[in-house]
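Novice: My questions will all concern the structure given below.
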Amino acid sequence: MQNGRVKILIAAGGTGGHVFPAIAIADEIKKLQPQTALWFVGTKGKIESRVVPERGYPLTFIWISGFHRQLRIENLMFPAKVFVSLVQSFFLMKRVHPDIVIGTGGYVCGPVLFAASLLGIPTVVHESNSFPGITTRMLSTRTTKIFTAFEATARWLKRKDNIELAGTPTRDVLGSVTREEGIRFFHLDPSKKTVLVFGGSLGAASINRAVKKEVNENMDSTLQWIWQTGRTEAAVAKEMSGLKNCWVGPFIDKMEYAYAAADVVVCRAGATTLAELTRLGKASVLVPYPFAAADHQTFNARTMVEAGAAVLIADRDVNAKLKTEVHALLIDDMKRQQMCAASRALGKPNAGREIAQRILEMAAS
């Protein structure tokens with residue numbers, strides 16, 4: 001620290017599941033200690049290049065990308081990228097002189113946290129997924145502290161003494177809206193059960209096909225839908241617009257209203273999504289993205305299922321099974337309420353603040 005001011009470097013990139021928890025942690029640090037200096041490290045062209053500056057945080061880019069499991073020409077550049085990103089990371093440490101370095105996942109964390117550890121700078125990793133990413137697994141023995149969202153994560157890491165169960169930071173606005181406000185926001189009927197469907201900001205074609213079939217076959221049913229098709233499936237939203245008992249659009253800007261209105265949620269099983277579901281205590285039907293690295297979404301979903309907080313449908317089965325599983329939850333109020341309670345029991349609504357407090361304590365020690 002210089003003049004009592006803590007300086008923190010945060011490496012996060014690639015996906016919203018890595019970037020948004022990092023921003024949530026940064027926001028909580030600022031609330032607790034406003035004079036803290038925060039810098040982000042990411043990669044050009046990814047989500048962090050847009051959302052981090054929007055939040056007012058400085059962002060530095062390094063040249064790194066993932067190694068594809070399939071044979072691709074880009075893999076030939078991977079060794080050069082590792083070398084260059086390590087050199088860039090060392091120069092960044094010398095320029096910023098951080099008191100602590102945080103990584104929330106993604107390939108950008110590897111060179112940044114490795115360089116910090118070689119320089120003796122305390123490092124923190126936040127791992128959102130039940131099955132930890134390759135970067136977390138590789139860095140686990142060198143990292144000062146690893147915060148996890150799932151208890152099961154520890155079984156995959158060689159070192160155990162630096163692991164702390166903390167949850168995944170989520171937005172404070174979640175839970176601030178009533179069901180009535182949510183229903184009114186989407187111009188729906190308060191007397192009907194509501195299903196919220198989303199497959200991420202880009203969408204999920206398999207889920208959209210299954211929902212399209214169900215909506216078309218049950219136009220006048222006693223249930224209604226809030227359906228985010230995703231931006232890459234915007235044509236589906238346009239095709240299905242104007243339907244009775246259904247709000248449909250490519251993107252939902254106010255997810256707090258959608259969650260508040262929902263009796264059941266159908267979605268992928270990304271770690272941030274699950275953190276939001278458990279914070280709010282929502283019953284869910286999870287359809288893991290089958291091509292996620294190391295199939296980590298399936299691991300996430302199984303953790304929820306084992307706790308009685310969700311139903312799992314494999315992506316290949318969603319067209320055949322979605323209707324049955326959704327209707328089973330909607331007609332059985334007791335089962336749905338039990339699932340909501342199990343979901344809420346897994347939630348860590350104060351995760352962001354608690355992680356921020358621990359990081360500030362580490363930086364000051």
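Novice: Looking at the range 226-236, can you tell me whether even one residue there is modelled with pLDDT of 95 or more, surrounded by 24 or more Cβ atoms within 10 Å (Cβ to Cβ), within 16 Å of the chain's Cα centre (by Cα) and not hydroxyl-bearing (Ser, Thr, Tyr)?
Specialist: No.
Novice: I've got another one for you. Within the range 35-56, how many residues are closer than 15 Å to Ile359 by Cβ and either without any contact (Cβ under 8 Å) to a residue 24 or more places away in the chain or under 20 Å from the mean Cα position of the chain (by Cα) (or both)?
Specialist: Residues in the range 35-56 being closer than 15 Å to Ile359 by Cβ and either without any contact (Cβ under 8 Å) to a residue 24 or more places away in the chain or under 20 Å from the mean Cα position of the chain (by Cα) (or both): 1 in total.
Novice: If you don't mind, there's one more thing I want to ask. Going by what's in this entry, would Arg344 be described as farther than 15 Å from Phe150 by Cα and charged (D, E, K, R)?
Specialist: For Arg344, the condition - farther than 15 Å from Phe150 by Cα and charged (D, E, K, R) - is not met.
Novice: Can you find, within the range 142-152, the residue that is modelled with the highest pLDDT among those that are of a type outside the set (Ser, Thr, Tyr) and surrounded by fewer than 22 Cβ atoms within 10 Å (Cβ to Cβ)?
Specialist: Filtering first and then ranking leaves Lys145.
Novice: Any residue that is part of a helix (DSSP H, G or I) and either touching a Phe, Trp or Tyr at 6+ places or on another chain (Cβ under 8 Å) or surrounded by 22 or more Cβ atoms within 10 Å (Cβ to Cβ) (or both) - is there at least one of those in the range 305-313?
Specialist: No; the residues of the range 305-313 include none that is part of a helix (DSSP H, G or I) and either touching a Phe, Trp or Tyr at 6+ places or on another chain (Cβ under 8 Å) or surrounded by 22 or more Cβ atoms within 10 Å (Cβ to Cβ) (or both).
Novice: Report whether or not Gln88 is surrounded by fewer than 17 Cβ atoms within 10 Å (Cβ to Cβ), at pLDDT 90 or above and over 20 Å from His126 (Cβ atoms).
Specialist: So Gln88 does not fit the description; no.
Novice: Taking Asp189, is it at pLDDT below 85 and not in a helix (DSSP H, G or I)?
Specialist: no
Novice: Looking at Thr272 and the list (1) in a helix (DSSP H, G or I); (2) among the hydroxyl-bearing types (Ser, Thr, Tyr); (3) farther than 21 Å from Glu127 by Cα, which single condition is not satisfied?
Specialist: Exception for Thr272: condition (3).
Novice: Looking only at residues that are within 13 Å of Phe186 (Cβ to Cβ) and in contact (Cβ under 8 Å) with a residue 40 or more places away in the chain in the range 237-253, which one is farthest from the chain's Cα centre (by Cα)?
Specialist: So the residue we want is Asn245.
Novice: Then there's this: Of a type in the set (S, T, N, Q), surrounded by fewer than 19 Cβ atoms within 10 Å (Cβ to Cβ) and not in a loop (DSSP other than H, G, I, E, B): does that describe Ser117?
Specialist: Answer is yes for this residue.
Novice: Looking only at the range 119-171, which residues are in contact with a helix residue (DSSP H, G or I) (Cβ under 9 Å, 6 or more places away or on another chain) and without any contact (Cβ under 8 Å) to a residue 12 or more places away in the chain?
Specialist: Within the range 119-171, Lys160 is the sole residue that qualifies.
Novice: Then there's this: Please find, within the range 153-186, the residue that is nearest to Glu256 (Cα to Cα) out of those that are at pLDDT 95 or above, of a type in the set (A, V, I, L, M) and not in a loop (DSSP other than H, G, I, E, B).
Specialist: Here the residue is Ile183.
Novice: Out of all the residues in the range 281-289, is one or more touching a helix residue (DSSP H, G or I) at 6+ places or on another chain (Cβ under 7 Å), assigned to a helix (DSSP H, G or I) and aromatic (Phe, Trp, Tyr)?
Specialist: Checked against the condition, which is being touching a helix residue (DSSP H, G or I) at 6+ places or on another chain (Cβ under 7 Å), assigned to a helix (DSSP H, G or I) and aromatic (Phe, Trp, Tyr), the range 281-289 yields no hits at all.
Novice: Would you tally the residues in the range 286-300 being more than 17 Å from Val19 (Cβ to Cβ) and surrounded by fewer than 23 Cβ atoms within 10 Å (Cβ to Cβ)?
Specialist: 8
Novice: Given the condition modelled with pLDDT of 95 or more and exposed (fewer than 14 other Cβ atoms within 10 Å of the Cβ), answer yes or no: does some residue in the range 98-107 qualify?
Specialist: No, the range 98-107 contains no residue that is modelled with pLDDT of 95 or more and exposed (fewer than 14 other Cβ atoms within 10 Å of the Cβ).
Novice: What are the residues in the range 131-152 that are under 19 Å from Ala115 (Cβ atoms) and assigned to a loop (DSSP other than H, G, I, E, B), if any?
Specialist: Gly133, Ser140, Thr141, Arg142, Thr143, Thr144
Novice: If you go through the range 120-130 one residue at a time, how many are in a loop (DSSP other than H, G, I, E, B) and closer than 23 Å to Leu360 by Cβ?
Specialist: 4
The values are calculated or read from the model by the stated rules, or taken from the named source; none is laboratory data. Everything numeric here is computed off the predicted structure, so don't read it as measured data. Note: ideal-geometry Cβ built from the backbone for every residue, glycine included; neighbour counts use all protein chains shown.
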